[in-house]
Every structure is written in C-alpha cells, then in structure tokens.
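Read the structure below first, then the notes.
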Amino acid sequence: MTPPAEPPGSSTGPPDRQALRLLERQCATTPLVADTEFQPSATEPRRLLARLDTDAFPETVAAARLDIRWFTTGDFSLHYVETTTNGDQWECRWDRHPNPHNARLHFHQPPDAEAIRDLSVDSRHPLDVYATVFAAIQQRLAARWSDGS
C-alpha cells in the first residue's frame, strides 16, 4: 500500500546541501563560532551544527550551539541552544516550514522555545537569515554579560 500523497506545500523538502555548505563557510568567518560539523556526515549533510566559543560567554554557560537546517523549498530552522553549567537550557528557534500552529515563517521564543509568534524578515536568503540570527545571538551574549549570568 502506498502512503497518501502529501498536499502541496506541506513538506519542507530535501536538505539544500548547497545552502548548508554556504552557511558553513559563513560560520568559518564568524569569530563566535568555534567549529562546525555536518550531520549525519559531510557527504550527506542534513544539518549543520555550529558550536560556539564558550570562552566568549560568562562562566555559567557550559555550551552554546546553533543547529541549522535548510531545505530546497526555502524552508529552514535555526535553533539556538545554551546549556548552563547546572544543565539548564535556554533556547529559541527561527523557522520557516508548513505547520498548523502559526504562519509558515515564525519564531519559537526563549527561554524554552515553547511560545511561538509570527516572524517577518527582510530577506529569506540563507546569509541574510544567518545574519539576523547571529545579531540576536550577539544581543543575547551582551545581555548575559550585562546581567552577570
């Protein structure tokens, strides 16, 4: 038996390997990024994991990362996660994908990425979305230092 066909526009489509490789090159020029890794592998990337340099964060942050998924349909997910030394997580996510909860383009708000609001961006080019997300990460980093946590 064949599974039912998905209605048009209800799938993110296959990974956009060209966009993921472009974003990896951009990560390499971003001082806050310590290293990157394609998952599950460099030959079949479905996700780009960018680990951030924890030396740039207050001591209470044990790890910080940005998980990037980009699809041939122009859909994407950029998921930022900070893990503290006591194991707590602070996270948020910028998404564009078909969903029943909000507009196709939306933002999962911190601290737990549960609350969702519609999102507007000037451009959905991978480098522009990356720049928007990294600007928000830089603001988060500045807030962490200013409140001493």
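Tabulated results
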{"read-out": "Gained length - residue 85 relative to residue 11, 0.36 nm times residue gap less alpha-carbon distance", "value": "22.9 nm"}
{"read-out": "Quarter of Cα convex hull surface for segment 17-146, i.e. mean projection, nm²", "value": "8.1 nm²"}
{"read-out": "DSSP-defined antiparallel bridges as percent of all bridges, segment 17-146, nearest 5", "value": "95 percent"}
{"read-out": "Cα-projected label distance for residue 135 with residue 117, points at 7 Å along beta-carbon direction, nm", "value": "1.6 nm"}
{"read-out": "Ascending count of other beta-carbon atoms within 10 Å, so fewest first, for 116, 68, 137", "value": "116, 137, 68"}
{"read-out": "Cleavage-rule hits, GluC sites (Glu not before Pro), segment 52-149, DSSP coil, Cβ neighbours within 10 Å at most 12", "value": "59, 114"}
{"read-out": "Stretchable slack from residue 63 to residue 28, in nm (0.36 nm times residue separation minus alpha-carbon distance)", "value": "10.8 nm"}
{"read-out": "Potential extension, residue 54-residue 73 segment - 0.36 nm per residue separation minus Cα distance", "value": "3.5 nm"}
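Throughout, read-outs are computed from the coordinates displayed, never taken from laboratory work. Just so we're clear, the structure is a prediction, and the values are computed from it rather than from any experiment. All Cβ positions, glycine included, derive from the backbone under ideal geometry; neighbour counts span all protein chains shown.
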